[in-house]
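Since the structure comes first, as structure tokens, the remarks are kept for the end.
Throughout, read-outs are computed from the coordinates displayed, never taken from laboratory work. Since the model is a prediction, treat every value here as computed from it, not as a measurement. Cβ coordinates were reconstructed from backbone atoms using ideal geometry, including for glycine residues, and neighbour counts include every protein chain displayed.
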Amino acid sequence: MTQPYRGVFPVVPTIFHADGTLDLDGQRRAIDFMIDAGSQGLCILANFSEQFVLTDEDRDTVMKAALDHVAGRVPVIVTTSHFATHICAERSRRAQEMGAAMVMVMPPYHGATIRVGEAGIYDFFRRVSDAISIPIMIQDAPVAGTPMSAALLARMAREIANVSYFKIEVPQAAAKLREIIALGGDAILGPWDGEEAITLMADLDAGATGSMTGGGFPDGIRQITDAWFAGDRAGAMDAYCRWLPLINHENRQCGLLAAKALMEEGGVIRCGAPRAPIAPLHPAARAGLIEIARRLDPLVLRWGR
């Protein structure tokens with residue numbers, strides 16, 4: 001797939017055995033399912049991949065296993081976020097060398113109070129860009145606690161060579177997408193939606209060309225985006241209304257464990273557990289997720305059976 005990348009690029013969960021060790025066979029099965037379910041690209045090592053419970057060695061192991069197994073079937077975005085500029089740059093360089101199509105990076109932050117101002121954010125992304133020759137997607141999400149104005153994002157797109165994609169997950173995402181597109185013009189190759197697609201229709205209306213969702217039902221998200229990109233807005237809205245209860249349950253009740261719960265239920269993986277100290281999904285939340293999913297018959301519940 002050549003640039004600009006567009007479509008549904010879900011986050012691949014990191015698969016663990018019950019004892020918390022990496023399950024690379026399960027990882028490969030998750031990837032195969034997600035491609036079979038219509039993912040037009042994948043993202044690994046993101047927050048929904050539990051990247052914050054992985055060691056550096058784990059990261060390299062998962063990255064190599066994933067990129068080797070995908071083997072060019074779809075483009076893969078590798079999340080390389082780190083507070084330290086030189087570490088983020090080095091992670092990004094290694095991801096490019098191993099075959100990543102793009103890197104996704106959050107602005108530098110640490111804990112609840114350590115933040116970097118706009119000048120520091122600009123320099124951070126400039127130096128990461130200097131280390132690579134593939135696109136950078138800036139993840140604009142509340143978890144960083146770092147407000148980035150549309151003007152700053154558009155300026156970085158215009159002035160920093162590889163900054164060209166933006167995953168917008170803040171409140172009123174559609175309004176921010178419109179502003180970025182208006183200010184950045186042709187420098188904005190990828191204005192993207194995130195947050196499990198819960199605001200997908202509004203974001204498509206605002207000009208979003210991609211969506212980075214959870215990994216459990218890319219076939220359902222494709223029903224929305226395929227109709228939209230074919231010019232059938234009414235069909236896209238109908239599909240969005242069908243799938244929104246499941247999207248909402250993932251976003252508001254299950255979070256990053258939703259995809260693994262669905263994959264476990266459908267026999268894609270053997271274990272949907274997180275790595276400690278993340279608590280396992282509550283049985284009631286899991287039951288609600290499966291109940292809603294069964295009404296929609298996503299591939300995830302049939303793929304491994």
Report summary line: Reported set for the stretch 12-51 where residues are surrounded by fewer than 21 Cβ atoms within 10 Å (Cβ to Cβ) and among the hydroxyl-bearing types (Ser, Thr, Tyr) is Thr21
Query raised in the report: Pairs, please: C-beta under 7 Å, at least 6 apart or cross-chain, first residue surrounded by fewer than 24 Cβ atoms within 10 Å (Cβ to Cβ) and in the stretch 187-200, second assigned to a loop (DSSP other than H, G, I, E, B) and among the acidic types (Asp, Glu)?
Result: Glu195/Glu169
Requested in this report: Quickly run through the stretch 88-116 and pick out the residues that are more than 23 Å from Asp23 (Cβ to Cβ), hydrophobic (A, V, I, L, M, F, W, C) and surrounded by 14 or more Cβ atoms within 10 Å (Cβ to Cβ).
Outcome: Cys88, Ala89, Ala101, Met102, Val103, Met104, Val105, Met106, Val116
Query raised in the report: Of these, Ala208, Ala202, Ala174, which one is touching an Asp or Glu at 6+ places or on another chain (Cβ under 8 Å) and in a helix (DSSP H, G or I)?
Result: Ala174
Report task. Scan the stretch 1-41 residue by residue and report those that are among the aliphatic types (A, V, I, L, M) and over 17 Å from the mean Cα position of the chain (by Cα). Result -> Met1, Ala18, Leu22, Leu24
Requested in this report: Report, by residue number, each residue of the stretch 205-230 that is more than 22 Å from Gln27 (Cβ to Cβ) and surrounded by fewer than 24 Cβ atoms within 10 Å (Cβ to Cβ).
Outcome: Asp205, Ala206, Gly207, Thr209, Arg222, Gln223, Asp226, Ala227, Trp228, Phe229, Ala230
Query raised in the report: Can you find a residue in the stretch 245-262 that is more than 18 Å from the chain's Cα centre (by Cα) and basic (Lys, Arg)?
Result: no
